[in-house]
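Take a look at the structure set out below.
The values are calculated or read from the model by the stated rules, or taken from the named source; none is laboratory data. All values reported here derive from a predicted model rather than from experimental measurement. Cβ atoms come from the backbone with ideal geometry, glycine included; neighbour counts cover every protein chain shown.
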Amino acid sequence: MDHLVEIKQQAIKYLSYREHSAEELQRKLVRKFDNIPELCNVVNELAKEGLQSDLRYTVLYIESRARKGYGRRYIENALQQKGVSREDIIQGLNECVVDWQQVVQKSRQKKFSNKIPQDVTEKQKQTRFLLNRGFTSQEIKNLFNKLPDESF
């Protein structure tokens, strides 16, 4: 029983640094402890107590990545790789107050400053960058439609 207390204390320590998804927390605990069934039980218990929440983690992650200039698709993929359920991702996106059009605009400005594409090649370069950042084609199209008409 003392072993369970030690596992729980370590899990709470990890959670005190920052939010973790359940799968991410479990992976960290596996590196430190051996008994996997006990680890699952501890993580489930922490979730029931409200100390660990995939939804809370998801909302914070989305807001953090959006501030860093990443789009919805990139963020969704990263969260899936971290073991967050599709339902939590969708709910997290709905709970977040993120203006994706503003994020795509700031991301383009940060990379290309105020350089407006003068030809199709430059526009394609900027479009590829934004697609790789996880923005949708529609968001990118809306962004370029707002740029001055003398471009490309």
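Select from segment 3-47 the residues that are of a type in the set (V, I, T) and touching a residue at least 24 places away in the same chain (Cβ under 8 Å) and list them in ascending order.
Looking only at segment 3-47, we keep the residues that are of a type in the set (V, I, T), and these are 5, 7, 12, 30, 36, 42-43.
Passing the criteria: I7, I12, V42, V43.
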Report summary line: The residue from G134, G71, G83 that alone is under 19 Å from H20 (Cβ atoms) and not assigned by TED's automatic domain parsing to the domain that holds H20 is G83
**Report entry** 3 or more residues touching a residue at least 12 places away in the same chain (Cβ under 8 Å), farther than 26 Å from Q26 by Cβ and touching a helix residue (DSSP H, G or I) at 6+ places or on another chain (Cβ under 9 Å): qualifying helices (runs of 4 or more DSSP H) within segment 48-152
**Finding:** 100-112, 120-132, 137-145
**Report entry** Unmet criterion (only one of (1) more than 16 Å from the chain's Cα centre (by Cα); (2) of a type in the set (D, E); (3) crowded, with 17+ Cβ neighbours inside 10 Å) for D88
**Finding:** (1)
**Report entry** Criterion (touching a Pro at 6+ places or on another chain (Cβ under 8 Å) and over 17 Å from E23 (Cβ atoms)) met by exactly one of K146, K123
**Finding:** K123
Query raised in the report: Residue check: is G134 among the small types (G, A, S), buried (at least 17 other Cβ atoms within 10 Å of the Cβ), at pLDDT 95 or above and on the phi < 0 side of the Ramachandran plot?
Result: no
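Would it be correct to say that T127 is surrounded by 17 or more Cβ atoms within 10 Å (Cβ to Cβ), touching an Asp or Glu at 6+ places or on another chain (Cβ under 9 Å) and of a type in the set (V, I, T)?
No, not satisfied.
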Report task. Pull up segment 47-62, narrow it to residues that are surrounded by fewer than 18 Cβ atoms within 10 Å (Cβ to Cβ) and either touching a Leu at 6+ places or on another chain (Cβ under 9 Å) or not acidic (D, E) (or both), then point me to the one that is nearest to C96 (Cα to Cα). Result -> L60
Query raised in the report: Quick check, is D34 assigned to a loop (DSSP other than H, G, I, E, B) and not aromatic (F, W, Y)?
Result: yes
Report summary line: Scanning segment 1-46 for residues that are polar (S, T, N, Q) and within 15 Å of G83 (Cβ to Cβ), the one surrounded by the most Cβ atoms within 10 Å (Cβ to Cβ) turns out to be S21
Query raised in the report: Checking V42 against (1) in contact with a Lys or Arg (Cβ under 6 Å, 6 or more places away or on another chain); (2) not assigned by TED's automatic domain parsing to the domain that holds Y14, which test does it fail?
Result: (2)
